[in-house]
Amino acid sequence: MQDPPEVSRRLLLGGALALAGAAATGCAIPMGLGSSQTRVKYWHFLGASDGIIMNKMVQAFAKDNPDIFIEENVLAWGEPYYTKIAMAGSGGRSPDLATFHLARLAGIGAGEILDPINVKLLEESGLSAADFSPPIWERAHLDGVLYAIPFDAHPMVQYYNTDICGKAGLLGPDGKLKPTKGTEQLLDQLRKAKDAMGGKPPLNFDDLGLGTVGPWRVWWTLYSQSGGALLSPDNTQIAVDDAKALETLRFMQQLGKDGLLDTRTDYGASVANFTNGQAAFLWNGDWETTGLKERKTPFSMTRFPDVFGSGAAQADCHSFVLPHQRNRDPEVERATYRFIAYLVKNSADWAVAGHVPAYLPALQEPEYLALQPQSEYRSVITEVALDPQVWFTGSASRLWIEFGQAFSPVIGGEQTPEEGLATAKAALSRLLSAPNPFPEQER
């Protein structure tokens with residue numbers, strides 16, 4: 001068998017479109033298996049450029065570790081994926097390793113569906129708590145037990161069109177966007193961009209459409225910047241600060257009323273507008289980086305603006321978990337930790353897609369610092385605004401959709417901030433009273 005090609009950032013960004021088709025079908029991507037190899041079954045939901053990069057990293061691991069075979073299975077993103085993880089884990093016949101959104105940890109039955117991380121084996125593989133962003137490492141625990149190994153954070157960021165911003169006089173001598181602080185500086189920046197665009201709304205994010213989650217992502221970012229909480233420390237009671245929540249909603253509505261935000265865009269339209277130069281700014285997660293580069297959009301990226309007193313930004317994190325197995329093979333387990341450590345320690349390669357490594361040493365590597373604009377927003381890694389640790393939060397969760405539905409009419413001016421907040425709190429109350437599908441069990 002011919003050796004797989006070595007990984008390079010050039011390879012990671014191109015020449016592997018066939019893998020996207022494999023990801024869409026949910027098939028295993030064969031890497032070759034010899035009789036002396038230890039097989040590690042790995043499930044993930046990574047598609048498009050993420051999937052291409054992950055497969056290249058798997059290939060690189062295979063070349064460096066010929067004694068281990070990684071069986072890579074790509075499944076559909078979202079609820080179908082977590083349903084399959086739950087079914088496999090509850091039956092004890094699951095893969096050895098799975099990629100997981102960290103914010104979904106509390107909602108998947110850790111201890112029943114997921115097995116704890118073997119800290120001793122993790123340390124033997126060269127990883128320890130000190131290597132990771134503290135708030136993210138903390139969130140990888142439930143009741144003091146480590147259930148996930150963080151891989152990255154994918155925060156809300158600010159994309160900006162360098163041509164439009166240059167025309168509007170918003171770039172500094174270094175060609176980068178001048179930072180703003182507070183509402184007035186941001187509004188002034190947006191007004192200048194609007195003028196440069198002939199009166200078109202300069203800002204886009206997904207604020208409309210069935211299942212839209214953009215309103216949640218933006219609101220949670222702004223509300224977290226002001227120090228607001230959603231739930232009590234024990235996650236059993238609503239703890240929304242109405243004054244802070246309404247302040248952020250009024251600001252979001254003002255963006256639309258002042259013609260600074262296009263209030264008619266779903267996710268696809270918001271990205272398309274920015275891609276085609278119809279918007280100066282895009283507020284979105286960091287994962288659109290590769291697509292924008294491939295389409296040659298003149299853009300760069302920076303941290304989400306400090307609007308209400310901090311640099312906090314809504315984020316979730318990719319992590320690695322061990323779905324429950326009745327009898328975990330010791331040899332396979334050690335091979336699994338070798339594979340995890342390889343991916344984490346080489347997360348500068350993973351960062352090509354835009355995600356910020358949770359592994360702190362990677363943030364100082366010359367290869368990562370040379371990534372532009374990916375390394376421009378790396379400092380957010382210690383100011384991520386993660387979801388409350390309850391079963392109904394996290395990527396593709398009911399909370400995101402409910403709050404999106406509540407806040408979208410506010411952004412569009414069809415409802416008042418007070419009405420939107422009341423709708424969101426009613427939804428939150430329903431979720432809190434609903435039974436946890438993974439209740440704690442006697443063990």
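List of remarks:
- Among the candidates PRO388, PRO357, PRO361, the residue that is within 17 Å of the chain's Cα centre (by Cα), in contact (Cβ under 8 Å) with a residue 60 or more places away in the chain, open to solvent by 10 Å² or more (accessible area, probe 1.4 Å) and under 18 Å from PRO134 (Cα atoms) is uniquely PRO388.
- The C-beta contact set for segment 141-162 (first residue over 19 Å from GLN314 (Cα atoms), second residue modelled with pLDDT of 95 or more and part of a helix (DSSP H, G or I), distance under 6 angstrom, 6+ apart or interchain) comprises ILE149/ILE340.
- Residues that are at pLDDT 95 or above and closer than 24 Å to ALA348 by Cβ were ranked within segment 21-42; the one that is nearest to the chain's Cα centre (by Cα) is TYR42.
- The listed residues are GLU419, GLU402, GLU383, and the only one of them that is open to solvent by 30 Å² or more (accessible area, probe 1.4 Å), of a type in the set (D, E, K, R) and touching a Gly at 6+ places or on another chain (Cβ under 7 Å) turns out to be GLU383.
- Residues that are at pLDDT 95 or above and buried (at least 20 other Cβ atoms within 10 Å of the Cβ), drawn from segment 324-337: ALA335, THR336, TYR337
- Residues satisfying the stated conditions in segment 234-243, i.e. part of a helix (DSSP H, G or I) and touching a residue at least 24 places away in the same chain (Cβ under 8 Å): ASP242
- Answer residue from segment 163-173, given it is in contact (Cβ under 8 Å) with a residue 12 or more places away in the chain and in a loop (DSSP other than H, G, I, E, B) and is surrounded by the most Cβ atoms within 10 Å (Cβ to Cβ) among those: LEU170
- Entry remark, segment 180-233: residues being out of contact with any Gly (no Cβ under 9 Å at 6 or more places or on another chain), of a type in the set (Val, Ile, Thr) and not in a helix (DSSP H, G or I) number 1 in total.
- Search result, residues across segment 366-380 that are open to solvent by 60 Å² or more (accessible area, probe 1.4 Å) and among the hydrophobic types (A, V, I, L, M, F, W, C): LEU369, ALA370
- When restricted to residues that are over 27 Å from the mean Cα position of the chain (by Cα) and open to solvent by 10 Å² or more (accessible area, probe 1.4 Å), segment 190-209 contains 9.
- Top-ranked residue of segment 92-104 - restricted to ones that are in contact with a Gly (Cβ under 8 Å, 6 or more places away or on another chain) and of a type outside the set (Gly, Ala, Ser), ranked as surrounded by the most Cβ atoms within 10 Å (Cβ to Cβ): LEU102
- Only one of the listed residues (GLU71, GLU123, GLU138) is open to solvent by 20 Å² or more (accessible area, probe 1.4 Å), in a strand (DSSP E or B) and among the acidic types (Asp, Glu). That residue is GLU71.
- Single residue of segment 174-208 satisfying the filter (free of Cβ contacts under 8 Å to residues at least 24 places away in the same chain and among the acidic types (Asp, Glu)) that is nearest to GLU288 (Cα to Cα): ASP174
Rundown of residues vs (1) within 23 Å of the chain's Cα centre (by Cα); (2) at pLDDT 95 or above; (3) open to solvent by 10 Å² or more (accessible area, probe 1.4 Å), yes/no style:
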site	(1), (2), (3)
GLY175	no, yes, yes
GLY211	yes, no, yes
THR221	yes, yes, no
LEU230	yes, yes, no
ILE238	no, yes, yes
ALA272	yes, yes, yes
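The values are calculated or read from the model by the stated rules, or taken from the named source; none is laboratory data. Nothing here was measured: the structure is a model prediction, and the numbers come from that model. Glycine also receives a Cβ, built like all others from the backbone with ideal geometry; neighbour counts cover every protein chain displayed. Please note that ligands, DNA and RNA were not included when accessible areas were found on the heavy atoms of the full protein model with its side chains. Shrake-Rupley method; radii C 1.70, N 1.55, O 1.52, S 1.80 Å.
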